[in-house]
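Peer 1: Got a structure here, written out as structure tokens. Questions coming.
Here, each number is a calculation from the coordinates, and none is a lab measurement. Just so it is clear, the structure is predicted and the values come from calculations on it, not from any experiment. Positions of Cβ are backbone-derived with ideal geometry, glycine not excepted, and every protein chain shown enters the neighbour counts.
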Amino acid sequence: MDQRTVGILGGGQLGRMIVEAAHRLNVKTIILDAENSPAKQINALSEHVNGSFAKPEDIKKIAALCDVLTVEIEHVDVPTLKQVQRDYPNLKIYPDPDTIKLIQDKFVQKEYLIQNKISVAKSVAVDSDLESLSNVGSEFGYPFMLKSRTLAYDGRGNFVVKSKDSLQEALEVLKDRPLYAEKWAPFVKELAVMVVRSPEGKVFSYTTVETIHQDNICHLCYAPARVPDSVQLKAKLLAEHAIAAFPGAGIFGVEMFYLEDGELLINEIAPRPHNSGHYTIDACVTSQFEAHVRSILNLPLPEGFSALSTASTNAIMLNVLGDHTEKNKELQICERALSTPSASVYLYGKESRPQRKMGHINIVGSSMDECERKLQYILHADAAYEH
Ligand code: ATP
Ligand code: MG
Ligand code: MG
């Protein structure tokens, strides 16, 4: 389909699912990450690079081997990406290194969104001392969210400051990290939209979905979101508008807060496939992973590619997290999913640790009620499921 080799910085589950989509199109992919990482396990090649996407010398090694370079994680070394772009003028890097740079510092990302007239939660950069935090508390009120500007994922980098009494603990938990504070967003739901950007800058959005987090980690994703059509449309337009502001091509995940008064605020943007887009593998015409491969190779994205498979398609995605409370607890969930019609199990080949994302399950049905019944059966051994 395409003779070019795609290099992927990062070999976790997102990289693994990009590889799967690329394989179906005969597109060769090589991975930079630790040996035997999830994406390498399903891609038997000698050219993979063992190393880190944060290390300049390793990025230079993979850059020398590929025609297009992409990422499955935003925490990559951007100055080196810019360097290899100069060293190899024919190498395409998507998303654009400038976009990764704008996004990887969450406070810079917020400021950029504000410059582009996109609504975000009110934020302020803070120093790591009690006085600065106390001033934020007086201005924003409690609770407020203290966040690491960089290297955050699954809420590891966030601290909910409930009152003045928890300021000291917040500083201890997030010590040595660059910080910013965010006003509490009193959301009724969290929404997310996947958006694909073509190399010419055209943007296409997927359905608006609803994400439910537990302990800061995505637990469930409902597609489409259970909100009025007008809100779904507003979220899609907001997401498209936001991604239109970032140069380069590829898929982006846009996380949002839907507030009590109907307002939508962007929480954050991921310049890569996103957990809230896993449902697309089974519920959409083209998955988020294939859309990413197509966009970075400038392959066609024809009309309707991002739509749900049919007008009545509904889906729920359940994350399978490492759970050591009972022996093989997470695998019991997967076993029940295997015996559930129209449920698909994806395991990532990772060693199990509590709260680690080990896999996900996509449940597809012709109504959300049907998906919900299947979900209850999968989650609870004692729930009845009528076939
Ligand atoms: P991810 O794994 O999505 O990259 P992250 O570590 O970057 O996560 P955030 O997306 O900033 O973390 O926050 C995680 C969750 O915490 C959000 O999905 C939301 O549930 C909650 N949250 C974050 N910011 C706020 C806020 N300002 N007000 C209320 N809740 C918030
Ligand atoms: Mg994040
Ligand atoms: Mg997030």
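Peer 1: N158's amide H: which non-local residues (gap 5+, or another chain) put their own amide H closer than 5 Å, with H modeled 1.01 Å from N in plane and none for Pro or chain starts?
Peer 2: Those lying under 5 Å, H to H, from N158 are S148.
Peer 1: Here's a follow-up. Suppose each label sits 7 Å from its Cα in the direction of the beta carbon; what would the A34-R156 distance come out to in nanometres?
Peer 2: 1.1 nm
Peer 1: Continuing with this model, one more query. For the chain, what log10 I(q)/I(0) values come out of the Debye formula at q = 0.13 1/Å, with one point per alpha carbon and no solvent?
Peer 2: Per q value, in the given order, log10 I(q)/I(0) is -1.14.
Peer 1: Could you tell me the extents of segment 62-123's C-alpha atoms along the three principal axes, largest first, rounded to whole Å?
Peer 2: Projected onto its principal axes, the Cα set of segment 62-123 covers 43, 18, 16 Å.
Peer 1: Now for a different question. E47 versus E139, label points 7 Å from Cα toward the beta carbon: distance in nm?
Peer 2: In this crude spin-label approximation the distance works out to 5.0 nm.
Peer 1: Anything in the chain that counts as a DSSP H helix reaching 20 Å or more along its axis (C-alpha) with Kyte-Doolittle mean of at least 0.0? List them, would you? Each step should come with its number before you reach the end.
Peer 2: Values: long enough: 229-244 (22 Å, 0.31).
Both cut-offs are met by 229-244.
Peer 1: Once amide H atoms are built 1.01 Å from N in the peptide plane, which residues 5 or more positions from K122, or in another chain, come under 5 Å H to H?
Peer 2: Correct list: K183.
Peer 1: Report the charge-dipole magnitude of segment 25-138 in Debye, nearest 20, computed about the Cα centre from +1 at each Lys and Arg Cβ and -1 at each Asp and Glu Cβ. Walk me through the numbers before you get to the answer.
Peer 2: Details: 13 positive and 17 negative charges, 79 e Å.
The dipole of segment 25-138 has a size of about 380 debye.
Peer 1: For K28, which lysines qualify as cross-link partners when the Cα separation must be under 20 Å and same-chain residues fewer than eight apart are set aside?
Peer 2: Here the lysines satisfying the reach criterion relative to K28 are K40, K60, K61, K92.
Peer 1: Among A311, L130, V78, which residue has its Cα furthest toward the positive end of the charge dipole of the chain, with +1 on Lys/Arg Cβ and -1 on Asp/Glu Cβ?
Peer 2: Final value for the positive-end residue is V78.
Peer 1: Could I ask something else about it? For a bin width of 5 Å, list the pair-distance distribution of segment 4-128 built from all Cα-Cα distances, rounded to whole %.
Peer 2: 2, 11, 20, 21, 15, 12, 9, 7, 3, 1
Peer 1: Continuing with the same structure: Using a Förster distance of 22 angstrom, determine the FRET efficiency expected from the C-beta separation of S339 and H219, and round it to 0.05. All intermediate terms of the calculation are to be shown ahead of the outcome.
Peer 2: Numbers: r = 22 Å, r/R0 = 0.98.
About 0.50, to the nearest 0.05.
Peer 1: So how do D2, D33, D176, D96 line up by other beta-carbon neighbours within 10 Å, fewest first?
Peer 2: Working: D2 17, D33 25, D176 6, D96 20.
With the fewest neighbours first, D2, D33, D176, D96 line up as D176, D2, D96, D33.
Peer 1: Output ³J(HN,Hα) for segment 261-271: one whole-Hz value per residue in order, computed from phi by the Karplus curve 6.51 cos²θ - 1.76 cosθ + 1.60 with θ = phi - 60°, and x for Gly and Pro.
Peer 2: Along segment 261-271, the couplings run 7, x, 6, 10, 10, 7, 7, 7, 10, 10, x Hz.
Peer 1: To the nearest 20 debye, what is the magnitude of the charge dipole of segment 249-353 about its Cα centre, counting +1 on the Cβ of each Lys and Arg and -1 on the Cβ of each Asp and Glu?
Peer 2: Magnitude of the dipole: close to 480 debye.
Peer 1: Within segment 142-168, name every residue whose backbone N is under 12 Å away from a label modeled 7 Å from Cα of D129 along the Cβ vector.
Peer 2: Taking a point 7 Å out along Cα→Cβ of D129, no residue of segment 142-168 has its backbone N under 12 Å.
Peer 1: Suppose we take every Cα in segment 124-188 and form the convex hull; what volume per residue is that in Å³?
Peer 2: Dividing the Cα hull volume of segment 124-188 by its residue count gives 79 Å³.
Peer 1: For D154, D129, what ranking results if the residue with the fewest other Cβ atoms within 10 Å of its Cβ goes first?
Peer 2: On the way: D154 16, D129 10.
Ordered by Cβ neighbours within 10 Å, fewest first: D129, D154.
Peer 1: Quick check for me: using +1 on Lys/Arg Cβ and -1 on Asp/Glu Cβ, what's the dipole size of segment 121-267 about its Cα centre, in debye to the nearest 20?
Peer 2: Charge dipole of segment 121-267: 380 debye, to the nearest 20.
Peer 1: Under 20 Å from a label point 7 Å along Cα→Cβ of A245: give me every residue in segment 103-134 with its amide N that close.
Peer 2: Under cut-off, by backbone N: 103-126.
Peer 1: May I ask for the Rg/Rh ratio of segment 136-295, computed from Cα atoms with Rh as the Kirkwood radius, given to two decimals?
Peer 2: 1.00
Peer 1: Considering amide H positions built from the backbone, and no H for Pro or chain starts, which residues 5 or more places from G7, or on another chain, come under 5 Å of its amide H?
Peer 2: I30, D67, V68, L69, T70
Peer 1: Determine the gain in length on full extension of the stretch S312-Q168; use 0.36 nm per residue of separation and subtract their C-alpha separation, reporting nm with one decimal.
Peer 2: Result for the pair: 46.8 nm of gain on full extension.
Peer 1: Then there is this: Suppose R0 equals 35 Å; then what is the FRET efficiency for L379 and L299 from their Cβ-Cβ distance, rounded to the nearest 0.05?
Peer 2: E(calc), rounded to 0.05, equals 0.40.
Peer 1: So how long is each side of segment 174-240 along the principal axes, counting just the alpha-carbon atoms, biggest first, in Å?
Peer 2: Answer, in whole Å and largest first: 40, 32, 21 Å.
Peer 1: Still on this structure, please answer the following. Take T99, T313, T150 and order them by how many other Cβ atoms sit within 10 Å, fewest up front.
Peer 2: T150, T313, T99
Peer 1: State the antiparallel share, in %, of DSSP beta bridges confined to the chain, rounding to the nearest 5. Write down the numbers at each step before the final one.
Peer 2: Numbers: 59 of 73 bridges.
Taking every DSSP beta bridge within the chain, about 80 percent pair in antiparallel fashion.
Peer 1: Just name one of A44, A244, M358: the one whose Cα is farthest towards the positive end of the charge dipole of the chain (beta-carbon charges, Lys/Arg +1, Asp/Glu -1).
Peer 2: Looking along the dipole axis, the top candidate is A44.
Peer 1: Only bridges with both residues in segment 1-141 count here: give the DSSP antiparallel percent, nearest 5.
Peer 2: So the antiparallel bridges amount to about 0 percent of the total.
Peer 1: Taking the square root of 5 times each eigenvalue of the Cα gyration tensor, what semi-axes in Å does the equivalent ellipsoid of segment 323-387 have, largest first?
Peer 2: 22, 13, 9
Peer 1: Provide Rg and Dmax in Å for segment 238-335, with only Cα atoms included in the calculation.
Peer 2: 16.6, 47
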